[in-house]
Structures are given as structure tokens and as C-alpha cells.
Amino acid sequence: MGQKRLLLAAAASACMAGAAGAAEPIKVGLIEPLSGSVAYNGQSVVEGAKLAAKEINDRGGIDGRPLELIVEDGQCAPANTVNAAEKLIQNDRVSVLIGAFCSSATAAIMPVADKYKLPLVTGVSSKADLTEQGNRYFFRAAETDALLARAFAKIMARDLKLKSVAYIGVNDDWGRGGVAEFSRDLTELGVKSTLVDYFDHGSTDFYTLLTRIRAAEPDGVFVAAETQDGSILLKQAKEMGLEAKIFGVGSWATEDFIKLTGEAAEGIYAAVPYASTIPGDTNRKFVESYAKAYRKQPGKYGAAGYNAVNIVAQAIDRADSTKAEAIREALAKTDYEAPNGHYRFTPKGQAYGFSAVLVQLQGAKPVVVATSPVEAGQ
Amino acid sequence: MNLALQFLANGLVTGAFYALSALGLTLIFGLMRVVNFAHGEFFMLGGVLGWVATAVLGLDFATAFVLVVAAMGVLGWLVDRFMIERVRGHGEESTILLTIGLSIFLANATLYLAGPAPMKVPAPLTGKPLFLGPVVLTKSRLAAVAVSVVLVLGAYLVIHRTRIGRAMRATFQDAMAAKLSGIRTERIFAATFALGTMLAASAGMLLASIYSAQASVGGLVSLKAFVVVILGGMGSFPGAIAGGLILGLSEAFWGGYVSTGTVDIVGFVMVILILLFRPRGLFSLNAQRA
């Protein structure tokens, strides 16, 4: 008798849980810069993320529950990003956080994630030491500059026949990191460094910097710059008649970048974790649905948002729960087939196994000239 | 030596652009005593509307330029009549707060309507770069410098040689006396603000054809314009030109011989020194305010 009633109660509560579950969405918080100088790239991450969420929900969600993305603007500023994270955690009760683009902003919310014991996944922030802080809840589904440099330094030195290189980058942790990693790896291969300098975000006139580069006469110029700075810089390099081979890191393999830069983009090389021309079925499908949704080809940041949401959704699916600890454990066991290869995480939360590509812009298209897996070894 | 010549050319070009970007700010401040924090956003709107007129509507550069500047003049007039007029005479704090609010509104409205992507205004002049000895320049840069000179001269002549210019100066010397002698001062305020807005917008569209326009550039433009205006003296036209050239040249030579990564130090150190030792600027006209 007692046992029967207990069973009934259990069945009833299971039903109720099931019914409530079907109606209740799984909330994922996304913090990206939607205003300020990198708003444009932040917007691309959001586009990719929304596409992934839509695909998941079109397939029926996660165990029947829809995935709901709640997007906040962190402006890449540490203080605003922390506010956004607190709001998402306390008000919206999200299960996972994705963000926050700039490494400095991501570093600011890592302790917040730790405090609330909530998994935090970034698809972009590349500063190497983020995964070295022993934060169990932090996962980076992106390459670091060091990994990218290690993957491509040899190919660049050999294929571009570089003997001397000038290094310039945007004056922040990402730009300085890129310059430091590439100059170290290329110098080890015997490539001479002729000049190292930086410019500020939002700079418009690069003539002075380019004058100095022209005077230093390097074979190659390494540039770490985002869309706006990079496109103006390349146009002015062409105006100044700079003949060195230009290669670099940043969101260069994108349609917008090529459109903005015009013919000055022709022939430059970019080391990127993603280009829309990567061969393979997974990527072809991704490019098709992205083009259908936004009428443009995806770039590095669109893919980053797409991958981050898929990695999180698969982890929640595997965990069969929205409990933070279960999701964290499932994230650590990630094995995700992305448009650009296979993502797994090291015990420190650094992704590896996916491919990075070296592209050359030819005829306004990023043409893949070399592919190299990103390995987080040692 | 060749390097120095190229740095000199770079500095003069950017200096002319700085001067042009600061004109509207110095005009509005010098005559109206309004510190216009929305200046950078007017500049940005000039570039974005220039993009709409040329790249979206397909107009040629000159027609688009005239239309954009006229439209921005109307906007400036409306902003003065419907917003600034309401806080006129309530001290400088209220106009500062008003223009800060306006700048945030304009930047975010543009972000919402036009998106965060950089926009390219097709340059009216293209073609190969010019080599003057060892110095590289482009036609569009030279043309932009020439237009800057024309705009500076034009604005100067309007204020010092025309009836409306005389009415402006009279109004800002003593609004009550000007009103008593039959000047419709509220129109003069609006016209001055409109003129400042038009100067900001023409700089924005001109420079968007050389660099690019983006919804979020306003803050940086305002910052540089304030440096120029403080160097040259609030309200002084020759001061704005000198301030622009000093900033452009010192940035070019600091960037050329020291490092481009630390170039912003130069302008701000100069501002601090000027504020300490010559707070009215290098070329301020004390006589302009009675």
C-alpha cells in the first residue's frame, strides 16, 4: 500500500517534471561586444551563435527542450562584461556562459564563473595564459596565438621564402601576443626581425608606420589587425608602394574584409582558424546555411560563435542535465565535429585537434594554401 | 633625410585633417560657449550619410557632399532650436550633459540603423600614387587637404566678412544688446550651431573617402578635436589650424623616430603642459570675448 502510493507519486512527479521540461527552455548566456570598436566582429559571433541555436531548435532542441540564447553587450570592457555576466547568472539564470571576445574581458568574468560554479566557454579570446589559471569552469574553443604561430611559422618561412620580417600589431593584448609569438617562432627559424611596432585601435593613418617599414626593406610584413584597422592599413600600404609580402592574423579571410580593402587585399596571406573555403562536407553545409541566413559567407568569428554554441549544446545533451557540474564534466569530454575539424579539450580546457589554415586572397576569395592541425601538446 | 621628408608630408596631411576635424568644435565653443560633446558624432554622421548617398543611392561624390552637408546643417539647426535653446542660459553643465546624451543617442541610433560594419565612401579621385622626389602622396589626400583649406577660409570669411557673421559676433559679445538692435538672436544661435555641424559633417565625409566611416568613431574624433582646440585656443580659427598641424607633425615625427605604439602620449602631454602654462591656448584671441 505504502509502496504503491510512493510509486504513484514518483510517476506523477516524473510526468510533471517532463511536462515542465518540455515547456522550459535551456538558457545560455552570450556576452559579446555589440558597441564600441570591435562591435562589428562581436556581431559576427552572435550571428554564428544564433544560427547554431536555430539549427538545434529546428532539430527539436536538446532532449525536447529549446535552446534559448540570451545576448548581452559587454563592449569588450571588463567592468561592463562582469555586469553582463552577473545579470545573466542572477536574473536570467543561464546554465552556461559563452563569451566575452576580448581576452581582458574574458579574464574579468572567469572569477565570476568560478564563484557561481558555472561553465564558461569562449570561442574567441586567444591570450595564452587564460587556460593556465587553473579555472576548472573555463574552456577555450579557440586557437591561441602561440598555437597558430607554431602551426604556421615553418610553412611561412619556407613557402613565402622570408629572410627578414617587420612585425606590426594593434596595441592590445591580442596584437602584442600575436607579434610576440610569431616573431619568436620565425626568429628561431633564422628569419631576421627588422622592426617591431604597434598602433592603437581605431587608428586611421598608417603612413608614418609604413614609411618606416619601407625604409627597413623587409621581405615580409607580419600584421595583427582586425577588420577596420587592417583594411585601412593594407590600402595605405598599397598606396605607399610597399612591395613586401604581407601576412598576418585577424579576421582577414572574410567577405567584408575583402570588400572593404578592395584590390589592395589581393595576394596577402592570413593564418586563420577558419575560412569559408575550407574543404569538406561539414563546412559546405555550414557555409550554405550561413549564407542563407545572412546573405554573406561566414568568417572566423561567425564560425567561432557557431562552434561555441554547438559545443555547449552537445555537452548539455550528453550531461542530460542543466546542472553546472554535470555540464562541466561533459564539456571536458567534448568531441565535436566542426566545419574546421575536430574539437577536443585538454585537461586545462584548451581546445585542440581542429585545423587552422593559411589562406591567400586571390581574386577576392580566400584560397587555402596550407592546412595544419592545432595541437596543444607538450 | 628622405625619411624626414616623408614624415613631414605625413604630418602636414594628418595635421590638416586634424584641423578640419576640429573646426566645428572650436567655432561652436568660441562663439556660443557650448562645449559640444556630440561633435564627433556629427563627424561620424557626415561619413555614414556620405556612404548612404554614394554607395547606397549611387550619387556622385560632389552632389552627395553638398546634400549631406545641407542635411546636417538642417539637423544642427533643429538640434539648437529644439534642444540647446531649452537649456541656454542655464550654465555650461546642462549643455555639456545635453550634448553627451545626444552623442550617445546618435552613436547608438546609427549602430542600430546602419550596423557596426565599417563603411567605405568611394573616393572621388583614384589612380596611382604621386612621387614627389622621395615623398609619396595620393591625389585624394592632396585634394582633401585642398578642400580643408577652402573650408577653413570659407568659414573664416563667413564669420568675418558677411552680415550674418557680424550678427554672430555681435550676438556672442552681448546677446541682450544685439537683440535690442534688432538681431533675431535665436536664429543666430541656430545658424552658428548649424555651421559648426556642417563643418564637422564635411570633415567626416571627406575623411571617410580616405579612411572609412563607422558608427563608433565619434569618441576618438572628439578626443583628438579637443586636443587640437586646447592647443590652439578655444574659439580661434588660426589656432585650430596651428593646433592641428602641431599635433599632426609631432605625431608623425614621434611615430617615425620613436614608436607609433605610444603616439597618443604626445598629444596629451602637450595638452597638460598647455593647460598648466598657457590655459587659453597658444593662439587664443582674448578680445573675442569681452
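The values are calculated or read from the model by the stated rules, or taken from the named source; none is laboratory data. The structure presented is a predicted model; accordingly, all values stated were derived computationally and were not measured. Here the Cβ is made from the backbone with ideal geometry for all residues, glycine too, and neighbour counts use every protein chain on show.
Could you please let me know if B:Val147 is surrounded by 13 or more Cβ atoms within 10 Å (Cβ to Cβ), in contact (Cβ under 8 Å) with a residue 40 or more places away in the chain, within 30 Å of A:Arg214 (Cα to Cα) and within 14 Å of chain A (Cβ to nearest Cβ)? Spell out how you get there, then give the answer.
Details: surrounded by 13 or more Cβ atoms within 10 Å (Cβ to Cβ): yes; in contact (Cβ under 8 Å) with a residue 40 or more places away in the chain: yes; within 30 Å of A:Arg214 (Cα to Cα): yes; within 14 Å of chain A (Cβ to nearest Cβ): no.
The answer is no for B:Val147.
At pLDDT below 90, part of a helix (DSSP H, G or I) and closer than 28 Å to A:Pro373 by Cβ - does that describe any residue in region A:89-111? Taking every residue of region A:89-111 in turn, at least one turns out to be at pLDDT below 90, part of a helix (DSSP H, G or I) and closer than 28 Å to A:Pro373 by Cβ. Comparison of A:Asp114, A:Asp145, A:Asp129 shows that the only residue that is closer than 21 Å to A:Ile311 by Cα and either at pLDDT below 95 or more than 21 Å from the chain's Cα centre (by Cα) (or both) is A:Asp114. Of the residues making up region A:24-44, those that are touching a Pro at 6+ places or on another chain (Cβ under 9 Å) and aliphatic (A, V, I, L, M) number 4.
So that you can scan it fast, the table gives a plain yes or no per residue for (1) crowded, with 20+ Cβ neighbours inside 10 Å; (2) in contact with a Lys or Arg (Cβ under 7 Å, 6 or more places away or on another chain); (3) of a type in the set (A, V, I, L, M, F, W, C); (4) at pLDDT 95 or above:
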{"position": "B:Tyr18", "(1), (2), (3), (4)": "yes, yes, no, no"}
{"position": "B:Ile28", "(1), (2), (3), (4)": "yes, no, yes, no"}
{"position": "B:Val35", "(1), (2), (3), (4)": "no, no, yes, no"}
{"position": "B:Phe43", "(1), (2), (3), (4)": "yes, no, yes, yes"}
{"position": "B:Leu49", "(1), (2), (3), (4)": "yes, no, yes, yes"}
{"position": "B:Ala62", "(1), (2), (3), (4)": "no, no, yes, no"}
{"position": "B:Ile84", "(1), (2), (3), (4)": "yes, no, yes, no"}
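Being within 9 Å of chain B (Cβ to nearest Cβ), closer than 20 Å to B:Thr262 by Cβ and either surrounded by 22 or more Cβ atoms within 10 Å (Cβ to Cβ) or not hydroxyl-bearing (Ser, Thr, Tyr) (or both) holds for only one residue in A:Leu209, A:Leu233, and it is A:Leu209. Evaluated against (1) over 29 Å from B:Leu125 (Cβ atoms); (2) away from every other protein chain (no Cβ under 14 Å), B:Val258 falls short on exactly one condition, (2). Considering region A:116-171 alone, what residues qualify as being touching a helix residue (DSSP H, G or I) at 6+ places or on another chain (Cβ under 9 Å) and free of Cβ contacts under 8 Å to residues at least 12 places away in the same chain? Result: A:Asp129, single match. Scanning region B:140-183 for residues that are of a type in the set (Lys, Arg), at pLDDT 90 or above and under 21 Å from B:Phe29 (Cβ atoms) yields one hit, B:Arg166. In the set A:Gly353, A:Gly280, only one residue is buried (at least 16 other Cβ atoms within 10 Å of the Cβ), modelled with pLDDT under 95 and under 26 Å from A:Ala151 (Cα atoms); that residue is A:Gly353.
Condition check ((1) within 14 Å of another protein chain (Cβ to nearest Cβ); (2) touching a residue at least 60 places away in the same chain (Cβ under 8 Å)) across all residues:
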site	(1), (2)
B:Ala53	no, no
B:Leu67	no, no
B:Glu85	no, yes
B:Leu97	no, no
B:Leu106	yes, yes
B:Met119	yes, yes
B:Leu125	yes, no
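Tallying residues that are under 21 Å from A:Leu162 (Cβ atoms) and polar (S, T, N, Q) within region A:192-245 yields 2.
When region A:314-326 is filtered for residues that are among the hydrophobic types (A, V, I, L, M, F, W, C) and in contact with a strand residue (DSSP E or B) (Cβ under 6 Å, 6 or more places away or on another chain), only A:Ile316 remains.
Residues of region B:101-149 that are assigned to a strand (DSSP E or B) and in contact with a helix residue (DSSP H, G or I) (Cβ under 9 Å, 6 or more places away or on another chain): B:Met119, B:Leu130, B:Leu132, B:Val135, B:Val136, B:Leu137. Within the option set A:Gly60, A:Gly48, being at pLDDT 95 or above and assigned by TED's automatic domain parsing to the domain that holds A:Ala308 holds for one residue only, A:Gly48. None of A:Phe257, A:Phe286, A:Phe222 is surrounded by 24 or more Cβ atoms within 10 Å (Cβ to Cβ) and within 11 Å of another protein chain (Cβ to nearest Cβ) except A:Phe257. Of the set (1) surrounded by fewer than 17 Cβ atoms within 10 Å (Cβ to Cβ); (2) in contact (Cβ under 8 Å) with a residue 24 or more places away in the chain; (3) more than 14 Å from chain B (Cβ to nearest Cβ), all apply to A:Phe182 but (1).
Is it the case that some residue within region B:173-180 is in a loop (DSSP other than H, G, I, E, B), within 12 Å of chain A (Cβ to nearest Cβ) and surrounded by fewer than 15 Cβ atoms within 10 Å (Cβ to Cβ)? No, there is no match, as no residue in region B:173-180 is in a loop (DSSP other than H, G, I, E, B), within 12 Å of chain A (Cβ to nearest Cβ) and surrounded by fewer than 15 Cβ atoms within 10 Å (Cβ to Cβ). Buried (at least 18 other Cβ atoms within 10 Å of the Cβ) and outside the structural domain of A:Ala224 (by TED's automatic domain parsing), is that true of A:Val96? Yes: the conditions hold for A:Val96.
None of B:Gly24, B:Gly11, B:Gly46 is among the small types (Gly, Ala, Ser) and within 11 Å of chain A (Cβ to nearest Cβ) except B:Gly11.
Do the conditions hold for B:Arg187, that is, is it touching a residue at least 24 places away in the same chain (Cβ under 8 Å), basic (Lys, Arg) and surrounded by 13 or more Cβ atoms within 10 Å (Cβ to Cβ)? No, not satisfied.
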